[in-house]
Each structure stands twice: as structure tokens, then as C-alpha cells.
Amino acid sequence: MTETVIGIIGGSGVYEIDGLENAKWQSVDSPWGKPSDDILTGRLNGVKMCFLPRHGRGHVHSPTTVPYRANIDALKRLGVTDLVSVSACGSFREEMAPGDFVIIDQFIDRTTAREKSFFGSGCVAHVSVAHPTCDCLADACETAAKSTGIKVHRGGTYLAMEGPQFSSMAESKMYRNVWGCDVIGMTNMPEAKLAREAEICYASVAMITDYDSWHPDHGAVDISEIIKTLTGNAGHARALVAELPALLKADHAPCKHGCDTALEFAIMTAPEKRDPALVAKLDAVAGRVL
């Protein structure tokens, strides 16, 4: 049985994790470039934990320039088995109000300017993202949220937009009324796809800050109001994270949903045709099957 290592990728407003024992910021080299920041490692209630601020401390990366591949690769190198994404989002649903959390289970990817795979020419692979999040890890996140009193909604479709601008009203109404999305954000794609390629269980906790621009009583997104809500959400997110070690335990059983074997039959390129340079870069992500 593998040791559980919980990874947390903190989005806007979430730049630290409380209570880590033997905490230290650790630089991790990745062949995919420099991660967003050093990674804070330690133990929380006896379970290993790694925390990475997605935008870097001080919020230096835009949603487009976040080095997603380097981030996931670095966390894989540290042994992360369960990865929880915490990110701010806008809501398309009246009942999903600012301050609420949503455990995402589906995505629509509208990003256009990001590298979305570790694989490519010289080593082609296709993984399934029909169900892009891990139900077991999502269960733990839901239980953790409820135990801390956070209002949480289980299940929702996250529209990932390129940004950095927020939606026009026409876009907001289309995503809500035509496409049936529940929340909108800028950072969970290609993060979720890359986590699947790296065979890491992934869950997304979306923290609602606003109603985007569709709401008749809300109007345009107000940055000052978003920041105010972010402050409250960040405290709730840290409380949720503190509950995870007891729920996930120190020993990591094989994933019931196959997240940890996603590459089993995914690599299509014949061994003799694989690019040695690309294969070398895949040592952490795909070393199990290569």
C-alpha cells in the first residue's frame, strides 16, 4: 500500500496552510520548467502534505501563464497521491451564492493558449477525462466542508475560460442558459487533465465569489466585492484542508475509479518509435508505464 501524500493547489486568496509540522518551502526541479513557486511541505495530523500557491506568492502568474505542467510534475515528484484544487469562481446559479463552495465533477474547457498535455510528437497518449475528478477524493472534500459548517454543493460543471478578463454579459448568459454550466473560473484547465495524465486523484473545490455578469441584481463583476468574499473563503478553505488527513488516512489504497492507473493502456507510440528526449521528461509522470 502506498503512503498518502495530499497535495493542495491554492488559488486566489489561499497562499498558506495552517498547522503544518516541520513545514519548509522546497524548490523542486521539473523538466517542464519552473513551477509557480516553491512547494510548502510538512505533515498535517500525521499525513504528508504539499502546498503549492497556483499563482505564486504575491500573485505573480496570470491564469494563462501559470506553469501547469511544471506544477503537476513537481507535485508528482514529491509523491502526491491526492490533489485538491482550491480556486475562486463565479456562479451561474442563484442557489450557489457567494461564499458557498462547489465540489466540481465536470468541466467545459474554453482555454486556448495553454499547453494541455505532457505527451505529444514522439510519445502519443490518450487518457479518458469523461469523469475528470475522483469521486473518492470528492467525497472527502464534501465531508470536510460539511464538518466545518461550510455550505457546499456536490456536483457542478465548471466553465474554464482563458481570461484574464471576466465574461461579457452575452457570454455569461450563454454559459448559463445554453450550455448549462454552474460556475466559471480560469484555472482548473488544463490542471485536471494533467493530473489525470500523471495518475493523481484530483478534486476541485470551487469557492464562489460572485454571480458573474448574468445576474439582474448583480451587474458587472466587482473586484472589491470579490476580494472581500475571497478573504472569508480563504479561511473556510484552510478549515476544509485541516479535516482531510483524518478522512484520507496515512495509507493510500488503490483508487476505486482508476485515477492511479489512467496510463495503463493510454500510450499509443510503439516503444522503438518513442522520442528518448520526451520519454526522459516523462520520468515522473509516466515512469510507471514507460
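Candidates are the residues of region 143-159 that are assigned to a helix (DSSP H, G or I) and of a type in the set (S, T, N, Q); the one that is surrounded by the fewest Cβ atoms within 10 Å (Cβ to Cβ) is S147.
Candidates in region 67-120 are the residues that are within 28 Å of T41 (Cα to Cα) and among the hydroxyl-bearing types (S, T, Y); of these, the one that is surrounded by the fewest Cβ atoms within 10 Å (Cβ to Cβ) is S117.
Residues in region 213-225: is at least one outside any loop (DSSP other than H, G, I, E, B), farther than 21 Å from H131 by Cα and not charged (D, E, K, R)?
Let us first name the residues in region 213-225 that are outside any loop (DSSP other than H, G, I, E, B), namely 223-225.
Okay, now just the ones that are also farther than 21 Å from H131 by Cα, so 223-225.
The next check asks that each one be not charged (D, E, K, R); those that pass are 223-224.
Checked region 213-225: at least one residue is outside any loop (DSSP other than H, G, I, E, B), farther than 21 Å from H131 by Cα and not charged (D, E, K, R).
Let's see how each residue does on (1) assigned to a helix (DSSP H, G or I); (2) of a type in the set (S, T, Y):
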| site | (1), (2) |
| --- | --- |
| E95 | no, no |
| T112 | no, yes |
| H131 | no, no |
| C141 | yes, no |
| Q165 | no, no |
| E171 | yes, no |
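Given the condition touching a residue at least 40 places away in the same chain (Cβ under 8 Å), surrounded by fewer than 20 Cβ atoms within 10 Å (Cβ to Cβ) and outside any strand (DSSP E or B), answer yes or no: does some residue in region 4-12 qualify? No, region 4-12 contains no residue that is touching a residue at least 40 places away in the same chain (Cβ under 8 Å), surrounded by fewer than 20 Cβ atoms within 10 Å (Cβ to Cβ) and outside any strand (DSSP E or B).
Within region 230-249, does at least one residue satisfy the condition of being free of Cβ contacts under 8 Å to residues at least 40 places away in the same chain, more than 30 Å from S213 (Cβ to Cβ), out of contact with any His (no Cβ under 8 Å at 6 or more places or on another chain) and assigned to a loop (DSSP other than H, G, I, E, B)? Checked region 230-249: no residue is free of Cβ contacts under 8 Å to residues at least 40 places away in the same chain, more than 30 Å from S213 (Cβ to Cβ), out of contact with any His (no Cβ under 8 Å at 6 or more places or on another chain) and assigned to a loop (DSSP other than H, G, I, E, B). Residues in region 250-262 that are in contact with a helix residue (DSSP H, G or I) (Cβ under 8 Å, 6 or more places away or on another chain) and free of Cβ contacts under 8 Å to residues at least 40 places away in the same chain: P254 only. The one condition from (1) touching a Leu at 6+ places or on another chain (Cβ under 7 Å); (2) aliphatic (A, V, I, L, M); (3) surrounded by fewer than 20 Cβ atoms within 10 Å (Cβ to Cβ); (4) within 25 Å of F166 (Cβ to Cβ) that A23 does not meet is (4). Scanning region 1-21 for residues that are at pLDDT 95 or above and of a type outside the set (D, E, K, R), we see that the one that is farthest from the chain's Cα centre (by Cα) is T4.
Only residues that are in contact with a strand residue (DSSP E or B) (Cβ under 7 Å, 6 or more places away or on another chain) and either in a loop (DSSP other than H, G, I, E, B) or surrounded by fewer than 21 Cβ atoms within 10 Å (Cβ to Cβ) (or both): list them for region 27-40, please. Working first, answer last.
We begin by selecting, within region 27-40, every residue in contact with a strand residue (DSSP E or B) (Cβ under 7 Å, 6 or more places away or on another chain); these are 28, 35-40.
V28, P35, S36, D37, D38, listed by residue number.
Is it true that A138 is under 17 Å from the mean Cα position of the chain (by Cα), aliphatic (A, V, I, L, M) and either surrounded by fewer than 18 Cβ atoms within 10 Å (Cβ to Cβ) or modelled with pLDDT under 95 (or both)? So A138 does not fit the description; no.
The values are calculated or read from the model by the stated rules, or taken from the named source; none is laboratory data. As the structure is a prediction and not an experimental result, all values here were calculated from the model. Cβ coordinates were reconstructed from backbone atoms using ideal geometry, including for glycine residues, and neighbour counts include every protein chain displayed.
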